[in-house]
Amino acid sequence: MNSLFYLISRNNKIYRRDRTLLLLSLLSVFIVILLYAVFLQQTQIDAIKQIVGVTNESKVMVNEWMVAGLLSITAVTTTLGAFGIMVKDKESKKTHDFLTAPLSRATIQLSYVINSFIIGLFFSLLAFVGCELFLILAGGKVLSIMGMLKVIGIIVLSVALSSSINLFLVLFIHTQNAFSTLSTVVGTAIGFLCGVYVPIGGVPNFVQNIIMYFPISHTAVLLREAFMTDSIQKVFKQASPDQILEYEKHYGIVYELNNRLISTSYSIWIIIITMIVFTTVSIMIFKRQNK
Amino acid sequence: MSKEQIVIKVDNLRKSYGAFEAVKGISFSVKKGELFAFLGTNGAGKSTTIDILCTLAKKNTGDIYIDGYKHGDIKGNNNIREKIGVVFQESVLDERLTVYENILNRGQYYNLSKEQIQDNYQFVSEYLKLDDIKDKKYGALSGGQRRRSDIARAIIHKPTILFLDEPTTGLDPQTRLFVWEAIKRLQEETNMTIFLTTHYMEEAAVADNVVVIKEGHIVAEGTPDQLKDKYAFDSLHLVFKNTFSSKQWFKERKISYTFKNSIYTLRLATTIDAYDILKKLENQIESFEVIKGSMDDVFINIIEEKEVIVL
């Protein structure tokens, strides 16, 4: 147990001292902020204008939509960035040093996963605090204690899910070049797959289906719901239930799959099952690779 | 030597990668406290054997015991890992951590208390003179400084056996000497068993025992002196005065020689034989040189499958 702690501490220290890895992890977060500032916010406000009048509350609601997407992406890219250490260790054969020490294979692997989780959680919570400040400064209200706990809970789930999926991906990556390519692909794709760069309603049906079957996008749905429920009620109090549902479906606040609205608990189950499957498969692959 | 003193026992070890058999049933043993040199050309099966001994790779068949622990099962391998230290060919410490952070962190992977790790650090720091580089980032060190740190990391838990996989390759002669002296001191003062692979035959020459592996088979083993006796020879180089009919002289005495660039080369059974020849020819010689047989000769002759028959 102590060895696990020291391995995690080593991984964490290396990540913190690697500015490039740190910057790469946060690259897509910067892209989201930039896209939002340039056109995403305005596009959505224009869309709302067609249903109800635009007020400060609608701007707050749109900001909340962006914040939810940003937090779901942060969990993915920061956990992936932390796994960069695992790839570097493999490529430079540093892993050999651990494999010839009295450490179990599971402990070595677990140290990367837990480190990735810690880093992902730290940055996601930091981003949450930053986003809350942004929302308040932009005229919004502080989330209630229950709301905050709900968001933190979803962040924890989101970071755990991202860690398990990223672990699976990096098991097939053996060089830093390949890892950089993977980071770029994931960093770019995740914005689309979570319906952040373009709202889910703005893409063709088959892409919508891909997004809805993509487990990480469910964390974005949960976060949007947690952040936006109150604002939606305020902004769309004059609108019909159909108009509200249409907006929610278009912007990925609710998913409709096979003509059925997906419930919160359904999304949570998808996240948990995916997490278990990816972790189990990853452990099996790692054991096979390090027989 | 009693059986208790054997710390590495390898019996009929085999290892294949697909259809390619890298190690073909080798057996050898290493005694406690000895400097054991494991030699071979690239691709001979040396690294595969070391990887197996260090528990990095699995064997196909054969029995291995390291410091009394059976190699191969999880429990045995874990016990072995407590007892061994490995200096790899590549740098395995973290560039962004200081030497002190690196060594301390690695020391924490063994079941040692904080006090023990600190004591051990003092011990390795003294052996490898780490004071001047203690707080430097590993990534900013020179090749020699890195190697010192690598060795310090490998012995931070005071292992029974230290595996050194070409530890001095790429180092300048001065650093090589420093590293080598530190290793020898460690062996002599702590009775640590050193398992060495090297391409420098002068390093193998000071080993207590040498094994040479070729194409997965052990082709020679013994002390450096035994191997020199069998695979190397002292030779006498002679240059005669123009007036002397040297070829005739050798023919009459049935002495074999080689002749190149005015130099006659004679193989000697013992160094002292040179004295007899020189005494008989003292008035006819313009110059001479006695060349001692070296481990380089041993290695080359073993690899080229030449057993030396002295005159």
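The values are calculated or read from the model by the stated rules, or taken from the named source; none is laboratory data. Because the structure is a prediction, the values reported are computed rather than measured. As a convention, Cβ positions derive from the backbone with ideal geometry for all residues, glycine included, and neighbour counts pool all protein chains shown.
Key figures
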{"read-out": "Selected residue [out of contact with any Pro (no Cβ under 7 Å at 6 or more places or on another chain) and modelled with pLDDT of 95 or more] from B:LEU97, B:LEU56", "value": "B:LEU97"}
{"read-out": "Given (1) within 14 Å of another protein chain (Cβ to nearest Cβ); (2) of a type outside the set (A, V, I, L, M, F, W, C); (3) free of Cβ contacts under 8 Å to residues at least 40 places away in the same chain, index of the condition B:GLN118 fails", "value": "(1)"}
{"read-out": "B:ILE161, sole failed condition from (1) within 14 Å of another protein chain (Cβ to nearest Cβ); (2) of a type in the set (A, V, I, L, M); (3) surrounded by fewer than 19 Cβ atoms within 10 Å (Cβ to Cβ)", "value": "(3)"}
{"read-out": "Residue within the range A:174-189 that is closer than 26 Å to A:GLU91 by Cα, in contact with a Ser or Thr (Cβ under 9 Å, 6 or more places away or on another chain) and among the aromatic types (Phe, Trp, Tyr) present", "value": "no"}
{"read-out": "Where A:VAL196 falls short, out of the listed (1) surrounded by fewer than 17 Cβ atoms within 10 Å (Cβ to Cβ); (2) within 24 Å of A:VAL52 (Cβ to Cβ)", "value": "(1)"}
{"read-out": "Failed item, numbered, when B:GLN108 is tested on (1) within 13 Å of another protein chain (Cβ to nearest Cβ); (2) without any contact (Cβ under 8 Å) to a residue 40 or more places away in the chain; (3) closer than 30 Å to B:ILE213 by Cα", "value": "(3)"}
{"read-out": "Candidates B:ASN111, B:ASN78 - the one that is in a helix (DSSP H, G or I) and either surrounded by fewer than 18 Cβ atoms within 10 Å (Cβ to Cβ) or over 25 Å from the mean Cα position of the chain (by Cα) (or both)", "value": "B:ASN78"}
{"read-out": "Check on A:SER158, within 14 Å of chain B (Cβ to nearest Cβ) and either surrounded by fewer than 22 Cβ atoms within 10 Å (Cβ to Cβ) or among the small types (Gly, Ala, Ser) (or both)", "value": "no"}
{"read-out": "Residue in the range A:255-262 that is in a helix (DSSP H, G or I) and at pLDDT 90 or above present", "value": "no"}
{"read-out": "Which numbered condition A:MET212 fails, given (1) touching a Phe, Trp or Tyr at 6+ places or on another chain (Cβ under 8 Å); (2) under 22 Å from A:CYS131 (Cβ atoms)", "value": "(2)"}
{"read-out": "Test: residue in the range A:66-77 that is within 14 Å of chain B (Cβ to nearest Cβ) and either closer than 25 Å to A:ILE31 by Cβ or at pLDDT below 90 (or both)", "value": "no"}
{"read-out": "All positions within the range B:54-67 that are more than 10 Å from chain A (Cβ to nearest Cβ), of a type outside the set (Ser, Thr, Tyr) and either crowded, with 21+ Cβ neighbours inside 10 Å or free of Cβ contacts under 8 Å to residues at least 60 places away in the same chain (or both)", "value": "B:LYS59, B:ASN60, B:GLY62, B:ASP63, B:ILE64, B:ILE66"}
{"read-out": "Single residue of A:ILE272, A:ILE232, A:ILE276 found to be crowded, with 20+ Cβ neighbours inside 10 Å, in a helix (DSSP H, G or I) and not polar (S, T, N, Q)", "value": "A:ILE232"}
{"read-out": "From A:LYS59, A:LYS150, A:LYS141, residue being farther than 26 Å from A:LEU21 by Cβ, within 20 Å of the chain's Cα centre (by Cα) and not aromatic (Phe, Trp, Tyr)", "value": "A:LYS150"}
{"read-out": "Hits in the range A:235-251 (condition: assigned to a helix (DSSP H, G or I) and of a type in the set (S, T, N, Q))", "value": "A:GLN243"}
{"read-out": "Complete set of residues in the range B:1-52 that are part of a helix (DSSP H, G or I) and among the aliphatic types (A, V, I, L, M)", "value": "B:ILE50, B:ILE52"}
{"read-out": "Filter result for A:LYS249 (without any contact (Cβ under 8 Å) to a residue 60 or more places away in the chain, among the charged types (D, E, K, R) and surrounded by fewer than 19 Cβ atoms within 10 Å (Cβ to Cβ))", "value": "yes"}
{"read-out": "Residue that is nearest to B:LEU164 (Cα to Cα), among those in the range A:97-136 that are of a type in the set (Gly, Ala, Ser), away from chain B (no Cβ under 14 Å) and crowded, with 18+ Cβ neighbours inside 10 Å", "value": "A:SER116"}
{"read-out": "Enumerated helices (runs of 4 or more DSSP H) restricted to the range B:164-255, each holding at least 3 residues that are closer than 30 Å to B:ARG146 by Cα and touching a residue at least 40 places away in the same chain (Cβ under 8 Å)", "value": "B:173-190, B:201-204"}
{"read-out": "Meets criteria (in the same structural domain as B:THR41 (by TED's automatic domain parsing) and closer than 28 Å to B:GLU34 by Cα) for B:GLU215", "value": "yes"}
{"read-out": "Residue list for the range A:1-46, restricted to those being surrounded by fewer than 20 Cβ atoms within 10 Å (Cβ to Cβ), more than 28 Å from A:VAL113 (Cβ to Cβ) and at pLDDT below 80", "value": "A:ALA37, A:VAL38, A:PHE39"}
{"read-out": "Condition check for B:GLY85: within 14 Å of another protein chain (Cβ to nearest Cβ) and outside any helix (DSSP H, G or I)", "value": "yes"}
{"read-out": "Whichever residue in the range B:88-105 is more than 7 Å from chain A (Cβ to nearest Cβ) and assigned to a loop (DSSP other than H, G, I, E, B) and, among such residues, is surrounded by the most Cβ atoms within 10 Å (Cβ to Cβ)", "value": "B:LEU93"}
